[in-house]
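Trainee: So that we are looking at the same thing, I have put the structure below in structure tokens.
The values are calculated or read from the model by the stated rules, or taken from the named source; none is laboratory data. Because the structure is a prediction, the values reported are computed rather than measured. Positions of Cβ are backbone-derived with ideal geometry, glycine not excepted, and every protein chain shown enters the neighbour counts. Side chains included, ligands, DNA and RNA excluded: accessible areas come from the protein's heavy atoms. Shrake-Rupley method; radii C 1.70, N 1.55, O 1.52, S 1.80 Å.
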Amino acid sequence: MKKIAIVANDVAMPGEKGLSRLQFFGSFLQKNGYEVEIITADFQHWMKRYRTKEEMEKINREAGCKVTFIHEPPYTKNIDLKRFFSYIVLTKNTKKYLEQNKFDLVYALIPDNHLAATAGSYAKKCGIPFVVDIEDLWPEAMKMILDVPVVSDVLFSSFAYYAKKTYKAADAVVGSSDEYRTEPLKYGIDIPKSVTVYVGNDLTAFDNGVKENGEKVVKPDNEFWVSYAGSLGTSYDIHTFVKAVAKLNKEGYSDIKAVLLGDGPLRDKFEKTAQETECNCEFVGFLPFGMMAAYLVKSDVTINSLVSKASQSIVSKIGDYLAAGIPMINTGLNKEFCEKVNSDGFGVNVPPEDVDALAKAILDLYNNREKCAEMGKVARKIAEEQFDRPITYMRIVNMIGDLLS
């Protein structure tokens, strides 16, 4: 049986906050005939704490493949020097672990670029295939948060260096969008084997979550919910979302409600905006996946609310939004996703950071329930065809099979 290492700094495991995509993929690969080992940090990024010994043992019983936790120093903020130092130590410790073991293929995630480059170097040294999975772009995402001329270029220059090093070592590339899949070309590197696979979700798990939790989510018949699910952080324009709903509330549409599912570093600031504008909204907080799914299905509209500088492409929440079978409002500027919203017809694009335009888009859907139903049907169809992991992730499995054959 071929042995595959999946290397990534941040992987959410069963029952944890965060992105569980790689845990699903590791389990999926194992079910398809490979011996899989996920190599990740013992420090849980989204909860900002160490996993206990008992938690790590439980994870290895439930993850569907072996999980090895490499020590990483703690940090408290998503963007600070402690986090970068932590990744340096994690990379060093991971390199040591890889060199003490034998694998037939290495699969690594960007970000973190330094960790991915180290995994690639190990693969080349061993003469085995190396696959890079591009889920986000560093340094682009970092510059969005700290964009100071010259200073940012110098501070984040190492990310570009390690990205190029990673792509040079890669035998194949997986992108969570076409834009990300073709990112190596910007560095002058053409990787012949490549595939676009959206982050997506497991539709069966989503639907089961709705069945198990639907009755727990109580929605008054006279309320119109516009829901956001995900991180309450810098990239996401919750201020404009809240202000747009507040504007509609003041114009007499008191039944329109903003529902925010998730947590993050800017939650207090977003809640303050809601209080100041007297917005009809609810900050529900972080929810288990099944409960989140139930909330989305009870909603009338979802919103992919991004700031104008956001570097995100087709983000993880899109699969869940589409699975809910309701229309979506997108404020992101990513060309690929904007074109998809228009061509597929499951939602509308609205300029970011424009309160009036967003309020108008919400009101248009509020006043046209037939249009909402049509968009919702399309959304669910797209979710089934393009975002259901057990179907779409077979593209990666097949590519790995080609590399190992």
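Trainee: Quick one: would you say I4 is touching a residue at least 60 places away in the same chain (Cβ under 8 Å), β-branched (V, I, T) and closer than 26 Å to D202 by Cα?
Mentor: yes
Trainee: While we're on this one: Tell me the residue from A41, A12 that is buried (at least 18 other Cβ atoms within 10 Å of the Cβ), modelled with pLDDT under 95 and among the aliphatic types (A, V, I, L, M), please.
Mentor: Sole residue among the options that is buried (at least 18 other Cβ atoms within 10 Å of the Cβ), modelled with pLDDT under 95 and among the aliphatic types (A, V, I, L, M): A12.
Trainee: Here's another thing I want to ask about it. Say we look at the stretch 101-134 and pick out the residues that are among the β-branched types (V, I, T) and either assigned to a helix (DSSP H, G or I) or over 22 Å from the mean Cα position of the chain (by Cα) (or both); which of these is nearest to F159 (Cα to Cα)?
Mentor: The qualifying residue nearest to F159 (Cα to Cα) is T118.
Trainee: Does K216 satisfy the criteria of being open to solvent by 40 Å² or more (accessible area, probe 1.4 Å), more than 23 Å from N280 (Cβ to Cβ) and over 21 Å from the mean Cα position of the chain (by Cα)?
Mentor: In short, no.
Trainee: Kindly establish whether N330 is closer than 22 Å to N201 by Cα, without any contact (Cβ under 8 Å) to a residue 40 or more places away in the chain, buried (at least 22 other Cβ atoms within 10 Å of the Cβ) and among the polar types (S, T, N, Q).
Mentor: Against the criterion (closer than 22 Å to N201 by Cα, without any contact (Cβ under 8 Å) to a residue 40 or more places away in the chain, buried (at least 22 other Cβ atoms within 10 Å of the Cβ) and among the polar types (S, T, N, Q)), N330 qualifies.
Table: residues versus (1) buried (at least 19 other Cβ atoms within 10 Å of the Cβ); (2) in contact (Cβ under 8 Å) with a residue 12 or more places away in the chain; (3) more than 16 Å from the chain's Cα centre (by Cα).
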| position | (1), (2), (3) |
| --- | --- |
| A8 | yes, yes, no |
| S27 | no, yes, yes |
| V36 | yes, yes, yes |
| R49 | no, yes, yes |
| T52 | no, no, yes |
| N60 | no, no, yes |
| V67 | yes, yes, yes |
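Trainee: Within the stretch 376-405, work out how many residues are open to solvent by less than 40 Å² (accessible area, probe 1.4 Å) and among the polar types (S, T, N, Q).
Mentor: 1
Trainee: Now for a different question. Of these, V259, V315, which one is in a loop (DSSP other than H, G, I, E, B), under 25 Å from the mean Cα position of the chain (by Cα) and surrounded by 23 or more Cβ atoms within 10 Å (Cβ to Cβ)?
Mentor: Going through V259, V315 in turn, just one is in a loop (DSSP other than H, G, I, E, B), under 25 Å from the mean Cα position of the chain (by Cα) and surrounded by 23 or more Cβ atoms within 10 Å (Cβ to Cβ): V315.
Trainee: Whether any residue in the stretch 235-243 is open to solvent by 30 Å² or more (accessible area, probe 1.4 Å), within 22 Å of the chain's Cα centre (by Cα) and within 18 Å of Q312 (Cβ to Cβ) is what I want to check.
Mentor: yes
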